[in-house]
Amino acid sequence: MITLTSPALSRRPLASAHPFPYPLAAGALESFCHPRCRVFSRVVRHPESGAVMAANGCVALRVTRGPVTYDDALPQACPHFIARVGALPWDRFGSDARRIAPAPWRALEPVRGDLHALGLDDLWPNDRMTLARPVWIAESVLVPLAVLQLIARLPRVELRLDGATDFMLLRFSGGEGIVANRWRKTRGADMPAHSLTLFTPPAALLPGAFV
């Protein structure tokens, strides 16, 4: 059961290595909200599906299983939220997509220690999402280390490594999410300085890579 309240996000979420417990509580999903953007500043409920959702411009989550419970104060998603988050490729989670193009899922739990051993990164320095310490996911999608550290706190979270270069899918106990390629760079492009790699085949490991 996921119990949510819906106060407006009053401060930037702090970097932490502490896992979010299951069932998820309001504070967990609020950590995925944006500290300044009004559209993404609160946890919301989709008016049609009833899914509880949060987004910040890089990561979007929807919680659909649990069952989900919330109080009457939880606001409905506004039209701008629905338009922007609804345009993401949620259909890639569909049963047809899994049957036609099965893809490996990799759990983040085995590498949580590696992610945090690098030091905790602030996701919102100066209220802007960080671009520091980029990480290549399976040499396909590039996201900030701070984003990965936040995602790794979700219960039983896994990443889908299907070679997609525009978005990366994730699933966790109770729901799923989509992560944007933060730099819009693809495999073969020049890596930003000091980039790391995650879930890279052993034969292709680069300095600073970990699996």
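List of remarks:
- Filter pass, Glu158 being of a type in the set (Asp, Glu) and surrounded by 21 or more Cβ atoms within 10 Å (Cβ to Cβ): no
- Checking Phe172, Phe167 one by one, the residue that is within 13 Å of the chain's Cα centre (by Cα), among the aromatic types (Phe, Trp, Tyr) and within 21 Å of Glu30 (Cβ to Cβ) is Phe172 and no other.
- Pick from the range 127-143, criterion open to solvent by less than 10 Å² (accessible area, probe 1.4 Å) and out of contact with any Cys (no Cβ under 8 Å at 6 or more places or on another chain), ranking: farthest from Asp162 (Cα to Cα): Pro134
- Pairs linking a residue in the range 135-163 that is farther than 21 Å from Asp122 by Cβ to a residue that is among the aromatic types (Phe, Trp, Tyr) and assigned to a loop (DSSP other than H, G, I, E, B), with Cβ atoms under 8 Å and 6 or more positions apart or on different chains, are Ala138/Phe199; Pro155/Phe20; Pro155/Tyr22; Arg156/Tyr22; Leu159/Phe199; Leu161/Phe199.
- Helices (runs of 4 or more DSSP H) lying entirely in the range 26-121 (those with 2 or more residues that are modelled with pLDDT under 90, β-branched (Val, Ile, Thr) and under 16 Å from the mean Cα position of the chain (by Cα)): none
- The condition (being more than 21 Å from Thr130 (Cβ to Cβ) and either among the aliphatic types (A, V, I, L, M) or open to solvent by less than 40 Å² (accessible area, probe 1.4 Å) (or both)) is satisfied by just one residue among Val39, Val43: Val43.
- Selection status of Leu196, in contact with a Lys or Arg (Cβ under 9 Å, 6 or more places away or on another chain), within 18 Å of Ala15 (Cβ to Cβ), modelled with pLDDT under 90 and open to solvent by 10 Å² or more (accessible area, probe 1.4 Å): yes
The values are calculated or read from the model by the stated rules, or taken from the named source; none is laboratory data. Predicted, not measured: the structure shown is a model, and the values here were computed from it. Here Cβ is always computed from backbone atoms with ideal geometry, including for glycine, and neighbour counts include all displayed protein chains. Note: accessible area is taken over every heavy atom of the protein model, side chains too, but ligands, DNA and RNA are not part of it. Shrake-Rupley method; radii C 1.70, N 1.55, O 1.52, S 1.80 Å.
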